[in-house]
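A quick write-up on the structure given underneath.
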């Protein structure tokens with residue numbers, strides 16, 4: 001079974017994270033597949049890219065079971081963060097409109113992945129959570145640049161430090177998602193959004209996204225590198241495995 005699915009239809013390149021038994025948690029294979037899929041979308045010059053998850057979940061973040069079982073969690077997380085960062089940079093730089101379809105859960109790096117996209121549709125029962133502090137890690141996947149620049153420092157600090165759930169009503173109010181809908185409406189709302197986008201010229205996209213990046217996400221590459229370094233360093237501390245053990249005992 002492929003952990004990332006790709007399809008191209010009517011100018012829409014759809015990328016589906018496909019580890020349904022793990023709520024599409026990110027392991028190296030999934031992250032590598034996401035990056036390859038983004039490169040394929042760029043090669044196809046698809047004007048629209050949709051990123052979603054299978055079986056009613058967007059992404060539950062990094063695969064913490066794999067972290068716990070790894071003999072070298074530092075090297076594993078460093079490698080995974082590195083390839084995730086390449087996908088984040090492609091999402092921001094590709095001259096296409098990238099849409100996240102957020103269902104069920106978006107946790108940890110799943111939040112960063114969703115926020116990197118240009119637009120997002122979320123189902124009303126979806127929950128977001130930064131998650132990192134629960135296992136003693138700093139954010140990665142752009143979470144510590146996208147989120148504070150969208151919502152401000154104080155609220156970002158609250159969401160990271162308290163690691164609380166964000167409902168989609170709150171996410172909509174904060175500007176983290178664009179469209180809310182019921183579970184059964186998500187594909188209909190996605191099709192409607194793409195129809196509306198197709199009614200307008202697309203030749204501005206590359207320059208438009210460059211302006212957005214320069215205004216809101218300047219320093220992204222350097223920041224992603226710093227996130228990767230910090231999260232890998234923390235994963236190399238023996239305390240990290242202790243935090244994971246505590247997390248699983250609480251579950």
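The values are calculated or read from the model by the stated rules, or taken from the named source; none is laboratory data. None of the values given here were measured: they were computed from a predicted structure. Cβ coordinates were reconstructed from backbone atoms using ideal geometry, including for glycine residues, and neighbour counts include every protein chain displayed.
Is it true that residue 188 is out of contact with any strand residue (DSSP E or B) (no Cβ under 9 Å at 6 or more places or on another chain), farther than 19 Å from residue 106 by Cα and at pLDDT 95 or above? Lay out the reasoning, then the answer.
Numbers: out of contact with any strand residue (DSSP E or B) (no Cβ under 9 Å at 6 or more places or on another chain): no; farther than 19 Å from residue 106 by Cα: yes; at pLDDT 95 or above: yes.
In short, no.
With 234, 176, 220 as the choices, which residue is at pLDDT 95 or above, over 20 Å from residue 51 (Cα atoms), within 17 Å of the chain's Cα centre (by Cα) and surrounded by 14 or more Cβ atoms within 10 Å (Cβ to Cβ)? Break it down stepwise before answering.
Details: 234 fails: within 17 Å of the chain's Cα centre (by Cα); 176 fails: over 20 Å from residue 51 (Cα atoms).
Of 234, 176, 220, the one residue that is at pLDDT 95 or above, over 20 Å from residue 51 (Cα atoms), within 17 Å of the chain's Cα centre (by Cα) and surrounded by 14 or more Cβ atoms within 10 Å (Cβ to Cβ) is 220.
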Could you run through the stretch 121-131 and say how many residues are crowded, with 24+ Cβ neighbours inside 10 Å and under 20 Å from residue 84 (Cβ atoms)?
3
Among the residues of the stretch 205-228, which ones are touching a residue at least 60 places away in the same chain (Cβ under 8 Å), within 21 Å of residue 152 (Cα to Cα) and either in contact with a strand residue (DSSP E or B) (Cβ under 8 Å, 6 or more places away or on another chain) or not in a helix (DSSP H, G or I) (or both)?
217, 219
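Part of a helix (DSSP H, G or I) and more than 24 Å from residue 249 (Cβ to Cβ): is that true of residue 66 in this structure? Working first, answer last.
On the way: part of a helix (DSSP H, G or I): yes; more than 24 Å from residue 249 (Cβ to Cβ): no.
Against the criterion (part of a helix (DSSP H, G or I) and more than 24 Å from residue 249 (Cβ to Cβ)), residue 66 does not qualify.
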Of the candidates 142, 136, the one satisfying the condition of being in contact (Cβ under 8 Å) with a residue 60 or more places away in the chain, under 22 Å from residue 49 (Cα atoms) and buried (at least 17 other Cβ atoms within 10 Å of the Cβ) is 142
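Conditions (1) surrounded by 15 or more Cβ atoms within 10 Å (Cβ to Cβ); (2) at pLDDT below 95; (3) closer than 26 Å to residue 148 by Cβ, marked per residue:
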site	(1), (2), (3)
204	no, no, no
241	yes, yes, no
245	no, yes, no
248	no, yes, no
